1. I need the shape label for the protein assembly as shown. Rule: rounded when a/c is under 1.5, else prolate if a/b > b/c, else oblate, with a, b, c from the alpha carbon gyration tensor.
2. What are the residues whose amide H is under 5 Å from the amide H of residue A:55, where those residues sit 5 or more places off or on another chain and H is modelled from the backbone?
3. Step by step: find N for region B:51-113, compute 2.2 N^0.38 Å, then divide the Cα radius of gyration by it. What's the final number?
4. Between beta-carbons, use under 9 Å as the cut-off and find the net charge around residue A:102, counting Lys and Arg +1, Asp and Glu -1.
5. Sum up the charges of everything whose Cβ sits under 9 Å from the Cβ of residue A:3, counting Lys and Arg as +1 and Asp and Glu as -1, but leave residue A:3 out.
6. Can you sort B:22, B:28, A:93 from fewest to most other Cβ atoms within 10 Å of each residue's own Cβ?
7. Out of B:49, A:7, A:35, whose Cα points farthest toward the positive end of the dipole of the protein assembly as shown (charges: +1 Lys, Arg; -1 Asp, Glu; placed on Cβ)?
8. So, in Å, what gap is there between the alpha-carbon centers of region A:1-72 and region B:30-82?
Amino acid sequence: DSGVTQTPKHLITATGQRVTLRCSPRSGDLSVYWYQQSLDQGLQFLIQYYNGEERAKGNILERFSAQQFPDLHSELNLSSLELGDSALYFCASSLENSLTQYFGPGTRLTVL
Amino acid sequence: AQTVTQSQPEMSVQEAETVTLSCTYDTSESNYYLFWYKQPPSRQMILVIRQEAYKQQNATENRFSVNFQKAAKSFSLKISDSQLGDTAMYFCAFWGSQGNLIFGKGTKLSVKP
């Protein structure tokens, strides 16, 4: 158990819908990272937040957004969902800007 | 841009044997970090080992060790005394100045009894 929690574990929704994925980092970790794992694209970095502020952006679509709240939990919002958004979404956290990231169990998103 | 290449999509090894997974990367940076993560069938991403580029000594964690060749930009993972629980996808990852992990495509390792 990494100490990073993600909810929900599974999410099934329809195209065009909007969903919110939630992540709670390890106690004391200020950085939160979001990754998408799909069969064709592999593991891709989406976005990083550090102590409430966006720190780095990767291959994140404009339909996706994220935020980190004062209690350091983070939410990833996915809107206007398409079939291709079906993937496993991971959250990871690290201490300050430490390099070692600890991953949550992931949220499996299925768009029908 | 940095890239990470894992040239072995699948590998298998007999229980108790030793196996080496390959990883090469491309970067113009001199200060960076490399990682191996394991993803078992449960899908959880588990940190196996990390290597700082400025350290010449190869990292070791119990049965897991790396062979880090900075000039060749090579970072292989050796698993000794393979166990059934080592069956998983293994991902090599690079961390540099861009501030996030860049992953290879992964190597699926099967440990056979």
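1. Prolate is the answer for the protein assembly as shown, as a/c is 1.5 or above and a/b outweighs b/c.
2. HN-HN under 5 Å from residue A:55: A:48, A:49, A:50.
3. Normalised Rg, Cα atoms only: 1.24.
4. With Lys, Arg at +1 and Asp, Glu at -1, the neighbours total 0.
5. Values: positive: A:26; negative: A:1, A:29.
In short, -1.
6. Details: B:22 17, B:28 8, A:93 26.
Ranked by crowding around the Cβ, least crowded first: B:28, B:22, A:93.
7. B:49
8. If you average the Cα positions of each part, the centres end up 25 Å apart.
Only the coordinates and a few stated rules stand behind these numbers; no lab work does. Every value quoted in this text rests on a predicted model; they were computed, and no experiment measured them. Neighbour counts run over all protein chains shown; Cβ positions are idealised from the backbone, glycine included.
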